[in-house]
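Nothing in this text is a laboratory measurement; each read-out follows from the coordinates by a stated rule. Note that the coordinates shown come from a computational prediction; the quantities given were computed from them, not determined experimentally. Virtual Cβ from ideal backbone geometry, glycine too; neighbours counted across all protein chains shown.
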Amino acid sequence: MPELRQVRERCWRTVRTAIGNETFEQHFRRGTRAEPTAVLALAVEGRPTGGGGTG
């Protein structure tokens with residue numbers, strides 16, 4: 001969603017500052033490989049499902 005670009009980039013900067021670029025990149029890549037249902041369960045229920053690299 002292009003209209004959220006600035007918000008997303010600000011969030012990424014905040015997280016990178018807090019955990020460091022290397023850790024951010026590692027977890028970002030892990031998240032891009034995760035199964036959508038696992039990501040949704042984590043976001044909605046606050047728990048990993050154990051599949052797709054989220055747990």
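Brief remarks on what is shown
- Mean separation of Cα contacts under 8 Å (6+ apart) over length of the chain, as relative contact order %: 24
- Spin-label model, Gln6 to His27: label points 7 Å out along the Cα-to-beta-carbon direction sit 2.6 nm apart.
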